[in-house]
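First up is the structure itself, then whatever we jot down about it.
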Amino acid sequence: MHANLFIPCLVEDCHPEAAQAMVTVLERLGVAVRHPAGQTCCGQLAYKTGDLKNARALALRYLDVFARPGPVVCPSGSCVKMVRTYPELFTPGTSEHARALDLAGRTFEFCEFVAAQPGAAQLGAHLKVRACYHGSCQMTGGHADDAPKGADDAPRQLLRAVRGLTLLEAERADRCCGFGGIFSLQFTAVSEALVEDKCREILAQEPEILVSAEPSCLMNISGHLARLGRPLPALHVAQVLAAGLGKAVPPWRTRT
Amino acid sequence: MREMTTRNFRRQSAEACRDTNLRAVLDHATRYFQAKRGASLEAFPGRGEHFARARAARLNALSRLPDLLEELETNASAAGTQVHWAADAAQARAIITGIASAAGARVVVKGKSMITEEIALNPALQAAGAEVWETDLGEFIVQLAGEPPSHIIAPAVHKSREDVAKLFAEKLNLHGQSIPELTLLARQALREKFLAADLGITGVNMAVAETGSVILVENEGNIRMSTTCPPVHVAVMSLEKVVASLEDAADILRVLPRSATGQKMSSYVSVLTGPRGQGETDGARETHLVILDNGRSEILADPVLREALACFRCGACLNVCPVYQTIGGHAYGWVYSGPIGTLLTSLLQPRAETRDLPFGCTLCGACKRTCPLSIDHPKLMMALRQRAAKGRTNRFGAAHSLLARHPLAYRLAVGTARAVDPNLDLLPRLPGLPGLSEFVDSRHPPELKKSFTARHRTAKKGKP
């Protein structure tokens, strides 16, 4: 099987290790990757500021970028959510709408995609680490308050399958970290109060690493932890899996 | 009259964040409500189906609203209730002060109602010479404090026990410390008012079209007393509160108290149909129903935003909203707060006053996941953002979109930034992003690294 890599702008230039790890894991599962050229921004920023015109223009670009059939896999729940919103941007009955529906239907968040692969359970990752997981509110599907207790979402399933990994659940692990894109710029005080809460609850678990499936949450939380003088390696779930598959010492252990 | 200050929402939210006492009280209260609700729902077999029935009852009512309202008017009138239509807040105030003066009302007792807050009824009654008493404990507390309610179902949720003890001592010269003591003091003070009242005014949780009844849900008994002690009762409803039948009302009642306070059923549920009948020993002698539009017909006409009118005000979305948990209700600047309040205020008040509201949301979706009626607050929030953004351009956003449409220019811009400012120290100086300096004050910004594309290309070359 071939998968098309959908690399969020933040990952491309600020967190490329997450995408590299994603490639490692996908290839280990026997999924060949293609990296369509011309990726910039999926339009999420424009969309969330209410700028439909630019959101539509960028969505149209991505319909072309990912025109080639096959699943599209992305290491960010919020970017996937944006692509799944594309059909709303076009008039039903138009060819754009049909293409948007098609793309939305074959675009997957990394963890969701991996957990559904037949080989996922036998991935065999092994990593001895105390990992605190932040469940991003932007993960597709989310984690409903009324969901049956103990039901794991895809990132938790994957992390629990890593031998040696201690999955630490912070209090309110699925509560928003306060980033929210432009929210963090317009409501700076509220955003900061929320990331303070998040960091306090994470640090209480005394983890060695912070793990999430959402790059922007990782940036927000790890950025505040650094300002607090309590930095933690902030890793995408894909990086934890890739580190657990490799023989090399995980990169965050080689520092200091 | 209390001024609406929603245009200052951003500043007020920042001020609320700095109030550590408020943060602690909110944290405690919202966790308490969430725990009660969670426990109640866990012990609610088939809740998914019950939620769906409640939603169907609400959506059914919205889709047939004009017909149901006519049916309600016919049946309420037949039961002896006088029905009044108010297009806006001013008309509603005029109708109610008119009823009060016709009844010679000197003392008015009120049940907790958001709608009478919305129309700023109390100052109008006071200006007409009546003494007005809020009889819900929480509402009584905020009335004494001269504040608006800060939560849909718990008006004084922002006040600690100590705050209330101080307030009672100052305003009523009543001294108590524990919650039972304070409650008893309020009860004694209010009991006299019930007996002296000439007029009782309440909101409406539901009005039933097929019977012409109004249904009121409460825990303190004060609404029961406000509707039965005084000779005249005025119920005020916004027009979306109508439901088709008692059966639909029952479907909603199965869900509303559980979602609001974690109770299987509220302590009191009153179904009031017309005034006291012959041979009956209690009930008001004269009953009025005021049906208020106040902009709702316009909301109903919007295919996306009309969903906000499905809300039955359980308040669960407030308790799970990280923003509400942090700033409380007052920062929103008007009577409604939290996720549903953001939607309602944006829809009911002038756009120029409410532009910032839908942006004060992280779009985390906790509200949507919690709403027993599955109202899609984030989707509605986005519709409001689109409305607010029309005709306004953000320089950073426009520049970003322009670059993103031209990958070569985009890569050139990122490459240049990486060469001259890899640690993004200049980021806060970008035009159109005023909050960035505060953002990087509290977050170490990310660094620009060698791109994934470049790394991936190298890795591919290395392969056999």
| Roughly how tilted is helix B:161-172, in degrees to the nearest 10 and between 0 and 90, from the longest Cα axis of chain B? | 50 degrees
| task | Would you mind checking the tilt of helix A:215-227 against the longest principal axis of the Cα atoms of chain A, expressed as 0 to 90 degrees and rounded to 10? | result | 40 degrees
| note | Footprinting proxy, B:171, B:36: sorted fewest to most Cβ within 10 Å, the residues are B:171, B:36
| Once you treat every alpha carbon in region B:403-462 as an equal point and sum by Debye, what is log10 I(q)/I(0) at q = 0.23, 0.25, 0.28 Å⁻¹? | -1.03, -1.10, -1.16
| In whole Å, how far is the Cα centre of region B:363-441 from that of region B:111-126? | 40 Å
| said: Between residue B:219 and residue B:304, what is 0.36 nm times their sequence separation minus the Cα-Cα distance? Round to one decimal in nm. | reply: 27.2 nm
| field | Distance between modelled label sites at residue B:5 and residue B:175, nm, 7 Å Cα→Cβ extension | value | 3.3 nm
| task | Obtain the nm distance between the two label points defined at residue B:282 and residue B:421 by a simple spin-label model: each point lies 7 Å from its Cα along the Cα-to-C-beta direction. | result | 7.1 nm
| message | Please rank A:79, A:14, B:229, fewest neighbouring Cβ atoms within 10 Å first, as an exposure proxy. | response | B:229, A:14, A:79
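Please arrange B:175, B:456 by how many other C-beta atoms lie within 10 Å of their C-beta, fewest to most.
B:175, B:456
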| said: As a test of the formula, what do you get for the protein assembly as shown when each DSSP H run with n ≥ 4 contributes -39,500 (n - 2.57) and the sum is divided by the residue count, at 222 nm and rounded to the nearest 500 deg cm²/dmol? | reply: -14500 deg cm²/dmol
| task | Hey, for a label at residue B:15 modelled as a point 7 Å past Cα toward Cβ, could you say which residues of region B:319-358 have their backbone N under 12 Å away? | result | B:330-333
| message | Along the Cα→Cβ direction, 7 angstrom out, place labels at residue A:247 and residue B:56. What is the inter-label distance in nm? | response | 6.2 nm
| field | nm² value of the averaged projected area, convex hull over the Cα atoms of the protein assembly as shown | value | 32.8 nm²
| note | Of all C-alpha pairs within region A:123-254, those more than 21 angstrom apart amount in percent to 39 percent
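For residue B:163 and residue A:228, what is the calculated FRET efficiency with R₀ set at 56 Å and r taken between the beta-carbons, to the nearest 0.05?
0.95
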| task | Determine the distance separating the Cα centre of region A:190-224 from the Cα centre of region B:281-323; give it in Å without decimals. | result | 38 Å
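Bear in mind these aren't lab numbers, they're just calculated from the coordinates by the rules spelled out. Computed from a prediction, not measured in an experiment: that's the story for all the values here. Quick reminder, even Gly has a Cβ in these numbers, built from the backbone with ideal geometry, and neighbours come from all protein chains shown.
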